[in-house]
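K.L.:
This is the structure I want to talk about, given as structure tokens.
The values are calculated or read from the model by the stated rules, or taken from the named source; none is laboratory data. Keep in mind the model is a prediction, meaning the values are calculated, not measured. Counting neighbours? That spans all protein chains shown, and the Cβs are built from the backbone with ideal geometry, glycine included.
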Amino acid sequence: QVQLVESGGGLVQAGGSLRLSCAASGSIFSTSTMGWYRQAPGKEREQIATITSGGNTNYADSVKGRFTISRDNAKNTVYLQMNNLKPDDAGVYYCNLRRLSLVSWGQGTQVTVSS
């Protein structure tokens with residue numbers, strides 16, 4: 001089983017920036033698709049950004065141009081750089097790993113955006 005540990009969440013003013021990190025255990029990180037998901041209170045979890053093992057990225061329309069997903073295979077870590085944050089970006093951010101039939105989730109990190 002792969003363990004994912006997120007960090008970097010916190011409280012930020014609207015217009016500010018945060019960088020989330022997700023460190024993965026094990027040896028399959030470099031061949032896995034990694035993703036960031038967000039769950040706001042009372043809402044379903046939604047996909048925010050993904051990056052394949054080959055570096056191809058995909059973003060939700062709501063974050064395009066503001067968020068950037070990246071990965072460092074040497075550190076088994078995926079990042080989410082979030083700029084120009086808006087109150088609607090608030091929620092718990094979860095890291096996700098997918099490889100074949102394996103799906104793993106982190107415990108989540110809280111992001112709060114004050115207006």
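K.L.:
Please count how many residues of segment 31-60 are more than 16 Å from the chain's Cα centre (by Cα) and either touching a residue at least 60 places away in the same chain (Cβ under 8 Å) or not in a loop (DSSP other than H, G, I, E, B) (or both).
P.N.:
Going through segment 31-60 one residue at a time, the tally reaches 1.
K.L.:
Quick one: Gly55 ticks every box in (1) within 19 Å of Gly10 (Cβ to Cβ); (2) modelled with pLDDT of 95 or more; (3) not acidic (Asp, Glu) bar one, so which box is it?
P.N.:
Failing condition for Gly55: (1).
K.L.:
Residue under question is Asn83, and the condition is that it be surrounded by 13 or more Cβ atoms within 10 Å (Cβ to Cβ) and either on the phi > 0 side of the Ramachandran plot or in contact with a Gly (Cβ under 9 Å, 6 or more places away or on another chain) (or both); does it hold?
P.N.:
Working: surrounded by 13 or more Cβ atoms within 10 Å (Cβ to Cβ): yes; either on the phi > 0 side of the Ramachandran plot or in contact with a Gly (Cβ under 9 Å, 6 or more places away or on another chain) (or both): yes.
Answer is yes for this residue.
K.L.:
Pairs, please: C-beta under 7 Å, at least 6 apart or cross-chain, first residue closer than 13 Å to Asp89 by Cβ and in segment 7-21, second in a loop (DSSP other than H, G, I, E, B) and modelled with pLDDT under 95?
P.N.:
The qualifying pairs are Ala14/Ser115.
K.L.:
From Val78, Val12, Val113, which residue is in contact with a Pro (Cβ under 7 Å, 6 or more places away or on another chain) and part of a strand (DSSP E or B)?
P.N.:
Result: Val113 is the single residue among Val78, Val12, Val113 that is in contact with a Pro (Cβ under 7 Å, 6 or more places away or on another chain) and part of a strand (DSSP E or B).
K.L.:
Another question, then. Taking segment 36-87, which residues are touching a strand residue (DSSP E or B) at 6+ places or on another chain (Cβ under 8 Å) and among the charged types (D, E, K, R)?
P.N.:
Across segment 36-87, the qualifying residues are Arg38, Lys43, Arg45, Glu46, Arg66, Arg71, Asp72, Lys75, Lys86.
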